[in-house]
């Protein structure tokens, strides 16, 4: 409900410039742009689940699918414009099996 293009703009710029890849000295000092990397944007991970009460997640705060898909597409386009390309996606709203190899002991949470 609360996500807008301003948040997508900020997030795309943050992700494309975030220095999370090692340089020649093994220091996290390079961005996805710097290393010529790719971005995989998975729409299902954007579902808002409120787990503060009870044992079952609530999705009442999630945007309507039509709005969410437009915002997700906008976010992916902003990533491309920020030179974080290629940007690959799955199928919005589809059940997908996503495999990931985490390279390193780092988890980064982006908050605005």
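The values are calculated or read from the model by the stated rules, or taken from the named source; none is laboratory data. Note that the coordinates shown come from a computational prediction; the quantities given were computed from them, not determined experimentally. Heads up, the Cβs are rebuilt from the backbone with ideal geometry, glycines too, and the neighbour counts pull from every protein chain shown.
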How about region 89-110: which of its residues are touching a residue at least 40 places away in the same chain (Cβ under 8 Å), surrounded by fewer than 11 Cβ atoms within 10 Å (Cβ to Cβ) and within 24 Å of residue 30 (Cβ to Cβ)? 106, 108, 110
Could you tell me how many of the residues in region 49-88 are under 24 Å from residue 18 (Cα atoms), surrounded by fewer than 16 Cβ atoms within 10 Å (Cβ to Cβ) and touching a residue at least 24 places away in the same chain (Cβ under 8 Å)? 5
Out of the residues in region 30-48 meeting the condition of being at pLDDT 90 or above and out of contact with any strand residue (DSSP E or B) (no Cβ under 8 Å at 6 or more places or on another chain), tell me which one is surrounded by the most Cβ atoms within 10 Å (Cβ to Cβ). 33
Would you check if there is a residue in region 3-11 being in contact with a helix residue (DSSP H, G or I) (Cβ under 9 Å, 6 or more places away or on another chain) and part of a loop (DSSP other than H, G, I, E, B)? yes
